[in-house]
1. Once a ≥ b ≥ c are taken as the square roots of the eigenvalues of the Cα gyration tensor of segment 237-294, is the result rounded (a/c under 1.5), prolate (a/b larger than b/c) or oblate (a/b not larger than b/c)?
2. Counting pairs of alpha carbon atoms under 8 Å apart in space and at least six apart in sequence, what relative contact order in percent does segment 1-141 give?
3. How far apart, in nanometres, would the label points at S102 and D181 be if each is projected 7 angstrom from Cα along the Cα-to-Cβ direction?
4. Obtain the nm distance between the two label points defined at V130 and D298 by a simple spin-label model: each point lies 7 Å from its Cα along the Cα-to-C-beta direction.
5. Determine the calculated [θ] at 222 nm for the chain from helices alone, applying -39500 (n - 2.57) to every DSSP H run no shorter than 4 residues and normalising by the residue count; nearest 500 deg cm²/dmol.
6. Karplus couplings for segment 290-298 from phi (6.51 cos²θ - 1.76 cosθ + 1.60, θ = phi - 60°), rounded to Hz, Gly and Pro as x?
7. Across the Cα atoms of segment 49-114, what radius of gyration and what greatest pairwise Cα-Cα distance (Dmax) are found, in Å?
8. Hey, what's the Cα Rg ratio for segment 1-66 versus the globular rule of thumb, 2.2 N^0.38 Å?
Amino acid sequence: MILIISKNSDRTTIQVLRWLSTAGKKCIRIHEDEFFEIKVIKKRIWLKSHRTGFYPDEITSVWYRRGGINFKRLQYHHASINIHMNEAQHWLEDYVIKTLESKKHINTQNNAHVNKLVVLEMAKNAGLKVPNYFLAENTDEVMLEQTIVKSITGNVILESINNDEDGIMYTTVVNEAEKKDFFISFFQDKIEKEFEIRSFYLNGKIKSMAIFSQKDEQTKVDVRKYNIDKPNRNVPYNLPIDIEEKINVLMRSLNLNSGSLDFIKKGDDYYFLEVNPIGQFGNISADCNYFLEKEIADYL
């Protein structure tokens, strides 16, 4: 039995489920709004939510896409007993998660989010080029027009920032100095790229796509500012073997067996920007006919 942990609206998950169905593979999908109770039936742990249930020992492989396994905890009136029972329930939950993570898997709940600063240091240790970057709480030492500012967090989506609408924090060029100090922010040298490269990594295999975003003012700095009326040209791309070898070193050091990586190319140089273990890869799959969703289903 295959376990898929995802969000309700994730389209990539739906595509993988179709391939699994075609292959006749049985699976269970967990949604982000489910809460599981831990039960024991005839000495076997049973996880039960309002919509499904399963024995962890029947799971053969796990795909952690997004979301997570949430647990319903019992509460007790006596404070001391409640503290003790919370700890007991914590260790039961920890055991369940670690048991599932010991199965054949594509990423895990514990490594779904990575620290951008740590990743950049490890990328340099792996031999990848990284644009110079620094942290600052003012623009005193920021070179205007030559520096970009971007989110220090892995999640750049601000959910429900305006009623029911989400917002996105885009990468921008610093054009003006700020008069006041601000919260510590991430700054990086602006590289005049030829094009961008999005790569999808799965167990040592790398599929890449070149994105010609530089010729469009709307997507020049941040490709996520999609131009619906005039989309960027996307084509299959092969990274140099030595870059792919360094990607393998980086992913192993991060204990990740899947993820989406971003690069920019200038001349003969390839600059690593970031890796997202749960990043989108549907456009790479569709635009380049890579059928990555099938690759995931086959692995599971």
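Readers should treat all values here as calculations from the given coordinates under stated rules, not as data from a laboratory. From a predicted model like this one, the values you see are computed outputs, not experimental measurements. Because the Cβ atoms are built from the backbone with ideal geometry, glycine has one as well, and the counts that use them run over all protein chains shown.
1. Cα axes put segment 237-294 in the oblate bin.
2. Computed value for segment 1-141: 23 percent relative contact order.
3. 4.9 nm
4. 3.3 nm
5. On the way: 6 runs with 72 residues, N = 300.
Computed mean residue ellipticity for the chain: -7500 deg cm²/dmol.
6. 8, 6, 5, 4, 5, 4, 5, 4, 5
7. For segment 49-114, the Cα radius of gyration and maximum Cα-Cα distance read 14.2, 41 Å.
8. 1.15
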